[in-house]
Amino acid sequence: MTRLQANLLLLLAAAIWGGGFVAQSTAMKAIGPFWFIGLRFAVATVAILPFVLLEARKAKIKTTSRHMGLYILIGLALFGGASTQQIGLQTTTVTNSSFITGLYVVFVPLIAVAFLRRPPHWIIWPAAAMAVTGIYMLSGGHLSALTRGDGLTVVCAAFWAIQITLAGTTVSQTGRPLALSVMQFAVTAICALVVAVMVEPISMEAITAAAPEILYVGIFSSGVAFVLQVIGQRYTTPSQAAIFLSSEALFGSALGALLLGETMPPLGYAGCALMFTAMLAVEVVPELGKGRSEPA
């Protein structure tokens with residue numbers, strides 16, 4: 001596979017994820033957030049299971065009880081991120097959610113600094129300042145204009161960052177990214193369904209009405225897009241992969257405007273642009289520095 005083909009796969013994955021924000025938003029006209037999360041990740045578990053079985057045949061490291069414990073912990077972090085994002089979409093726009101969620105790329109290195117005691121790259125601090133400024137601009141220059149959903153989405157980005165950090169260290173130990181994925185999907189589905197049974201009403205009519213969104217997000221956003229990401233990243237550079245995957249926020253914003261008629265003032269779009277720049281800077285600048293330091 002050529003690098004161009006790989007980058008196009010990553011762009012397709014980002015477009016699918018961007019569409020997922022729209023599906024998550026429209027689904028809640030028919031179904032509660034926890035039922036949606038539970039059913040979505042149940043579908044995702046089934047969708048990715050065949051790939052897990054293929055991966056198991058080639059596995060060189062046996063899965064231990066410690067690995068299973070880590071998988072469950074990662075699943076709980078995923079549940080936290082999915083829950084806060086889904087509930088947040090009840091009171092924020094798809095555009096805001098897609099860009100604020102993307103702040104996980106800024107939070108990941110900050111978590112590494114706080115908990116793993118890893119020295120940060122210098123770009124982290126200006127990028128964090130840019131991200132905070134971007135959120136301020138997204139509010140129109142008035143923090144009171146930020147909704148409860150915006151705040152929950154910031155929490156969601158922190159959960160995603162925790163999940164990514166734990167997943168990265170775990171996969172490096174096990175070499176089983178698909179096994180990790182199916183376990184975290186299953187844990188999230190179980191947790192969400194337990195909460196849903198306790199706090200949300202449900203009917204077959206509601207499930208049927210939300211079925212297109214559940215299937216899209218479960219099969220395509222979680223199953224197909226994940227596989228495209230895994231394949232694409234094998235044949236391109238980390239910096240280029242970051243650029244194409246970060247376009248998820250742009251797709252989410254564009255589809256929110258096209259399908260849901262969402263708009264925002266010019267200052268809000270400037271804030272989105274600033275956050276997007278911060279996301280790219282955190283991923284791309286360190287990789288560019290590595291390339292320059294390598295001998296020719």
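Starting from the Cα gyration tensor of the range 34-97, multiply each eigenvalue by 5, take the square root, and state the resulting semi-axes largest first in whole Å.
On the way: eigenvalues 179, 43, 19 Å².
Rounded to whole Å, the semi-axes are 30, 15, 10.
Using R₀ = 41 Å, calculate the FRET efficiency as 1/(1 + (r/R₀)^6) where r is the Cβ-Cβ separation of ILE190 and ILE231; round to 0.05.
0.90
With +1 on each Lys and Arg Cβ and -1 on each Asp and Glu Cβ, how big is the dipole of the chain about its Cα centre, in debye rounded to the nearest 20?
Rounded to the nearest 20 debye, it is 1000 debye.
So for the chain, taking the charge dipole from beta-carbon charges (+1 Lys/Arg, -1 Asp/Glu), which of ALA59, SER203, LEU228 sits furthest toward the positive end?
The listed residue farthest towards the positive side: ALA59.
Toward the positive end of the charge dipole of the chain, about the Cα centre and with charges on Cβ (Lys, Arg +1; Asp, Glu -1), which of THR174, GLY256, GLY134 goes farthest?
Projecting each Cα onto the dipole axis, the largest value belongs to THR174.
Got the relative contact order for the chain handy, in percent, Cα pairs under 8 Å and 6 or more residues apart?
In percent, rounded to a whole number, it is 44.
Calculate the spin-label point distance for ARG148 paired with ALA211, positioning each point 7 Å from the Cα along the beta-carbon direction, and give it in nanometres.
Result: 3.2 nm between the two label points.
Order 169-176, 81-88 from most to least packed using the mean count of other Cβ atoms within 10 Å. Walk me through the numbers before you get to the answer.
Values: 169-176: 15.4, 81-88: 23.8.
The peptides rank, most packed first, as 81-88, 169-176.
Would you list the membrane-span-like helices of the chain, meaning whole DSSP H runs whose alpha-carbon atoms span at least 20 Å along their axis and whose mean Kyte-Doolittle value is at least -1.0?
3-27, 33-58, 65-88, 124-138, 148-174, 177-199, 266-293
Please give the length that would be gained between THR64 and LEU8 if that part of the chain were fully extended, namely 0.36 nm times their separation in residues minus their C-alpha to C-alpha distance (nm, one decimal).
So the extension gain works out to 16.5 nm.
Hey, with R₀ at 30 Å, roughly what FRET efficiency would THR133 and LYS29 work out to, going by the Cβ-Cβ distance, to 0.05?
Numbers: r = 34 Å, r/R0 = 1.12.
With R0 = 30 Å, the Cβ-Cβ based efficiency is 0.35.
Rule-based calculations on the coordinates, nothing more; no lab input. All of these numbers come straight from a predicted model, not from anything done at the bench. Cβ sites come from the backbone with ideal geometry, for glycine too, and all protein chains shown count toward neighbours.
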